[in-house]
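The values are calculated or read from the model by the stated rules, or taken from the named source; none is laboratory data. Nothing here was measured: the structure is a model prediction, and the numbers come from that model. Cβ: placed from backbone, ideal geometry, glycine included. Neighbour counts: every protein chain shown.
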Amino acid sequence: MEETFLYADDLGPEKVIEIYDPSVSLKAILVVDNVAAGPSIGGLRMATDVSKEECFRLARAMTLKNAMAGLPHGGGKSVLFGDPTMPAEDKERLVRAFAYAVKDVHDYITGPDMGTNEALMACVKDMNGRAVGLPREIGGIPLDEIGATGFGLSVALQVAQRYSDLYLDGGAVVVQGFGSVGQHAARYLAEQGARLVGVSDSQGARAAADGFDIDALMAHKQAGGSVADFNAGTSIAPEDLIAVECDVWIPAARPDVITQANAPRMHTRVVAQGANIPASAAAEKILAERGILVIPDFVANAGGVICAAVEYHQGNETLAMATIEEKIHSNVAAVLARVADTGALPRTVALEIARERVRRAMEFRHTH
Ligand code: NAD
C-alpha cells in the first residue's frame, strides 16, 4: 500500500496501472499523472531497466511540460520492460498487447519515446485509437523531420533577446548533439543570422570560429558521416565543447551534461535546453550567478509535444508550426518577464507557472 502512494502529492498521480500478461511476456506500467487540462499525452518507453519511479517522474514531467506549453492535455507516461533491440515482430507483439491492455484508459494518449517509434505508434492507434507521433500516411506530422523542437528553440531564443544581451544576428551558437533537435535548431538559428561555431555528436566534437556550413554538415550526417570526420573546422576534445566561446549554448543530446564542475567553464550568454534535464540544479544556480540566462528544458523544448497535440486534434504541419511559434513565444516571455521581476531562477519560475496552471485547471473539475 505504502509503495503505491509513495510519489503522490497535490497534483497526482491519478492512476498507476501495472500490466502483466505472461502469454506474451508483457510487463508494463502506466502512470496517468494529472488530467485536469485534458487527456494525458506522454511517451511509451521501452528498456530493460525501467521502473515505476522512473515512470512516475516522467509522467509528472509531462504534466508540467504540457501545462507550461498551454496544451489541453495532462501528463502521463508508460514504460514497457524489454530489450528495445529485440526482433521487430516481437516488439510489435508486445506493443500491441500493451495498447490492448490500456484500451479502456481513455485519458491516456501514447506517444513515441526511447525504444519506440512512429511505426509502433501506428500499431497503438490500430489497437486502441489513441496515439500521436504517427506516420504521415495515417495523418501523422513527422516532428523530427520538420524540426518541431529545433524550431521551438529558435523561437525561445528570439524572445530571449528581449531579456538579455543576446543578438542572434551575427551571434555564435554551439550545439552539443547534432541529431534531430540540434540540426534543426542550428538551421533555424542560421535563418536569424547566427553561425554554428561548435558542434558535437557521439563520435566527436569540432569548432570553427567562422561558422560551419550547416546544410553541408547535415548532408554529411545523413550520408552516415559524423561530426568527427567532417572536413571543416578543427577537432576538439568533446569535454572542451562546454568552453567554446559563444552567445548560445544548446545541449541537445544526453541528460546531466552541465554540472557544478564544468558550469564555471562556460562562456555564453544563454543556455537553451534542447535535451531533457541537461543541467543539475547546482549548475543552473552557478550559471545564474555568472549572468548566464538558462531557458529550462520543459519551456524551451516543448515544440515536439505541441506538434504532437496539433496532430492529435487533426491539425496539419502549417498549423503545428504556427502553434509552436505562438505558444513558445508567449510562454518563454511569461517565464523571462517573471525572472526579470523577481530575480528567481528560471526553472523555479517555470515550475511555479506550470503548477499554477495545473491547479487552476483542477479547480474547474467536478469534485466527486
Ligand atoms: P537524436 O538521437 O536525433 O540526436 C541525438 C544526437 O546526440 C545524436 O547526433 C548523437 O550522436 C548525439 N550524442 C549522443 N551522445 C552524445 C554525447 N555524449 N555527446 C555529444 N553528442 C552525443 O535525438 P533527438 O531527438 O535530437 O533528441 C536529443 C535530446 O533532446 C534528447 O535528450 C531528447 O530527449 C530531447 N528532446 C527531443 C525532442 C524531439 O522532438 N526529438 C523533444 C524534446 C526533448
*Identify all residues within segment 130-162 that are out of contact with any Pro (no Cβ under 9 Å at 6 or more places or on another chain), assigned to a loop (DSSP other than H, G, I, E, B) and within 13 Å of the ligand (Cβ to nearest atom); write none if there are none.*
Ile141, Gly147
*Mind checking which residues of segment 163-189 are within 11 Å of the ligand (Cβ to nearest atom) and in contact with a helix residue (DSSP H, G or I) (Cβ under 9 Å, 6 or more places away or on another chain)?*
Val175, Gln176, Phe178, Gly179, Ser180, Val181, Gly182, Gln183, His184, Ala185
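Name the single residue, out of those in segment 85-129 being assigned to a helix (DSSP H, G or I) and under 19 Å from the mean Cα position of the chain (by Cα), that is farthest from Val16 (Cα to Cα). Walk me through how you get there before you give the answer.
Filtering segment 85-129 down to residues assigned to a helix (DSSP H, G or I) leaves 88-101, 118-128.
Filter again for under 19 Å from the mean Cα position of the chain (by Cα), leaving 118, 121.
Numbers: Glu118: 25, Met121: 21 Å.
Only one residue fits best here, namely Glu118.
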*Is it the case that segment 315-335 has a residue that's crowded, with 22+ Cβ neighbours inside 10 Å and more than 16 Å from the ligand (Cβ to nearest atom)?*
yes
*asked:* Residue pairs, Cβ under 9 Å, 6 or more apart or interchain, first in segment 185-199 and of a type in the set (S, T, N, Q), second at pLDDT 95 or above. List them.
replied: Gln192/Ser154; Gln192/Leu157; Gln192/Gln158; Gln192/Leu168; Gln192/Asp169; Gln192/Gly171
*Any idea which of (1) more than 10 Å from the ligand (Cβ to nearest atom); (2) crowded, with 24+ Cβ neighbours inside 10 Å is the one Gln273 doesn't satisfy?*
(1)
*Determine whether segment 26-47 contains at least one residue that is surrounded by 21 or more Cβ atoms within 10 Å (Cβ to Cβ), in a helix (DSSP H, G or I), outside the structural domain of Ile277 (by TED's automatic domain parsing) and touching a strand residue (DSSP E or B) at 6+ places or on another chain (Cβ under 9 Å).*
no
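Taking segment 198-227 as the region of interest, how many residues are within 18 Å of Gly274 (Cβ to Cβ), assigned to a strand (DSSP E or B) and either small (Gly, Ala, Ser) or not assigned by TED's automatic domain parsing to the domain that holds Tyr167 (or both)? Give the steps one after another, and end with the answer.
Taking segment 198-227 as the starting set, the residues that turn out to be within 18 Å of Gly274 (Cβ to Cβ) are 198-202, 205, 212, 214, 217-218, 221, 227.
Applying the additional criterion that residues be assigned to a strand (DSSP E or B) yields 198-201, 205.
So of that shortlist, the ones also either small (Gly, Ala, Ser) or not assigned by TED's automatic domain parsing to the domain that holds Tyr167 (or both) come out as 198, 200, 205.
The qualifying residues number 3.
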*asked:* I need a count of the residues in segment 310-365 that are closer than 21 Å to Arg162 by Cα, touching a residue at least 12 places away in the same chain (Cβ under 8 Å) and outside any helix (DSSP H, G or I).
replied: 1
_Pair list, Cβ under 8 Å, 6 or more apart: segment 211-229 residue more than 18 Å from Leu189 (Cβ to Cβ), other residue within 11 Å of the ligand (Cβ to nearest atom) and aliphatic (A, V, I, L, M)_ = Ala228/Ala205
*asked:* I want to confirm something. Restricting to segment 64-82 and keeping residues that are in a helix (DSSP H, G or I) and in contact with a helix residue (DSSP H, G or I) (Cβ under 6 Å, 6 or more places away or on another chain), which single residue is surrounded by the fewest Cβ atoms within 10 Å (Cβ to Cβ)?
replied: Leu64
*asked:* So, in segment 228-266, how many residues would count as being part of a strand (DSSP E or B) and not β-branched (Val, Ile, Thr)?
replied: 3
*Go through segment 190-227 and give me each residue that's closer than 22 Å to Met266 by Cα, surrounded by fewer than 20 Cβ atoms within 10 Å (Cβ to Cβ) and either within 11 Å of the ligand (Cβ to nearest atom) or at pLDDT below 95 (or both).*
Ser202, Gln203, Gly204
*Go through Val199, Val155, Val181, Val175 for me and flag whichever is in contact with an Asp or Glu (Cβ under 6 Å, 6 or more places away or on another chain) and of a type in the set (A, V, I, L, M, F, W, C).*
Val155
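Going residue by residue through segment 294-308, is there one that turns out to be surrounded by fewer than 17 Cβ atoms within 10 Å (Cβ to Cβ) and either of a type outside the set (Val, Ile, Thr) or under 30 Å from Arg265 (Cα atoms) (or both)?
We begin by selecting, within segment 294-308, every residue surrounded by fewer than 17 Cβ atoms within 10 Å (Cβ to Cβ); these are none.
The answer is no; no qualifying residue exists.
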